[in-house]
Amino acid sequence: MATYIVLLGPPSVGKGTQAKILAQKSGLIHISSGELFRENIKNNSDLGQQAKSYMDKGELVPDDVTIAMVKDRISRPDCKEGAILDGFPRTPVQADALQKMLAGFKGDVNVVPFITAAPEVLIERASGRWTCRAQGHIYHQKFNPPKVAGKCDIDGSDLYQREDDKVETVAHRIHVYFDQTAPLVNYYRVQNKLVEIDGTQPIECVTTSLLSAIKK
Ligand code: AMP
């Protein structure tokens, strides 16, 4: 049976870092809605142009645009065995749409690890975050620095600071999270799929907690 994992949690809690590690360990495909948008912006596609103004302000891209993009990605053959969803769903409308998409190929969300940390931790993490241009690998100047400053350890590409990782925008993204995404905690809790994980632990400990949540 296919395994679909939804990583839930506020911005900068470590979902992207953990999703990449889990994908490597499990062989499941990692789908990051934020990265899909950033790729579209890089390629200057219509979708990228639509999404950019929302992203730069730290707002959510409208549901219909986001749902269509993720549906296109998750319907590809490489997701037949399952996927790790990072940053999607972010609203109850998106969560309902995901359920319908997966039902279309007889799948379901199996488990929802909910990674948590206090807002001040999130702001510190986002403002020191560096992202690799080629594949979105994530570093932090204090907590997880690259071996060579400004270069990705994995693919050697340049690291950059995301426009929406500025302090004011991060604070707004956290507000948007509590307003629009936090209701999903209960959405998945009542379905008995939620597993809470302390995101302030060291990266390896969060991974261990995630792996044990997924095995169950
Ligand atoms: P992320 O890389 O997950 O932090 O996402 C970066 C930005 O992309 C967000 O602040 C939103 O503007 C947009 N975005 C990513 N995923 C979604 C989503 N599921 N729904 C709406 N907007 C999204």
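Which ³J(HN,Hα) values in Hz, rounded to whole numbers, follow from the phi angles of the range 5-17 under the Karplus curve 6.51 cos²θ - 1.76 cosθ + 1.60, where θ = phi - 60° and Gly and Pro get x?
Working through the residues one at a time gives 10, 9, 8, 10, x, x, x, 6, 7, x, 4, x, 4 Hz.
Taking θ as phi - 60°, what are the ³J(HN,Hα) couplings along the range 99-115 by the Karplus curve (6.51, -1.76, 1.60), each to the nearest whole Hz, with x for Gly and Pro?
Values, residue by residue: 4, 5, 4, 5, 4, x, 10, 6, x, 7, 6, 8, 8, 10, x, 10, 8 Hz.
Please report the projected area of the range 70-216's Cα convex hull averaged over all directions, in nm².
Working: hull surface 39.2 nm².
So the Cα hull casts an average projection of 9.8 nm².
Report, by chain and number, residues whose modeled amide H sits under 5 Å from the one on VAL195, excluding near sequence neighbours (fewer than 5 apart, same chain).
Correct list: VAL112, PHE114.
Just from its helices, what would the mean residue ellipticity at 222 nm be for the chain, if runs of 4 or more DSSP H residues each count -39500 (n - 2.57) and the sum is divided by every residue, rounded to the nearest 500 deg cm²/dmol? Show your work: numbers first, answer last.
Details: 9 runs with 98 residues, N = 216.
It lands at -13500 deg cm²/dmol.
Calculate the spin-label point distance for GLN135 paired with ALA171, positioning each point 7 Å from the Cα along the beta-carbon direction, and give it in nanometres.
The two pseudo-label positions are separated by 3.6 nm.
Given H placed on each backbone N at 1.01 Å, which residues far from ARG162 in sequence or on other chains put an amide H within less than 5 Å of it?
Correct list: THR131.
May I ask you to list the chymotrypsin sites (Phe, Trp or Tyr not before Pro) in the range 73-170 that are in a DSSP loop and have at most 14 other Cβ atoms within 10 Å of their Cβ?
Of the chymotrypsin sites (Phe, Trp or Tyr not before Pro), the ones in loops of the range 73-170 whose Cβ has at most 14 other Cβ atoms within 10 Å are PHE105, PHE143.
Based on the alpha-carbon gyration tensor of the range 150-216 and its eigenvalue square roots a ≥ b ≥ c, which shape applies: rounded if a/c is under 1.5, prolate if not and a/b is larger than b/c, or oblate?
Numbers: a/c = 2.85, a/b = 1.26, b/c = 2.26.
It is oblate, given that a/c is not under 1.5 and a/b is not larger than b/c.
Between the range 37-56 and the range 80-133, how many Å separate their Cα centres?
Using only Cα atoms, the two centres lie 19 Å from each other.
Under 5 Å between amide H atoms, partner at least 5 residues away or on a different chain: which partners does GLY87 have, H built in plane at 1.01 Å?
Amide H to amide H, under 5 Å and 5 or more residues apart or across chains, GLY87 pairs with LEU7.
Every number here is computed from the coordinates shown, using simple stated rules; none is lab data. All figures in this text were calculated on a predicted structure; none of them were measured in a lab. In this analysis, Cβ positions are derived from the backbone assuming ideal geometry, glycine residues included, and neighbour counts consider all displayed protein chains.
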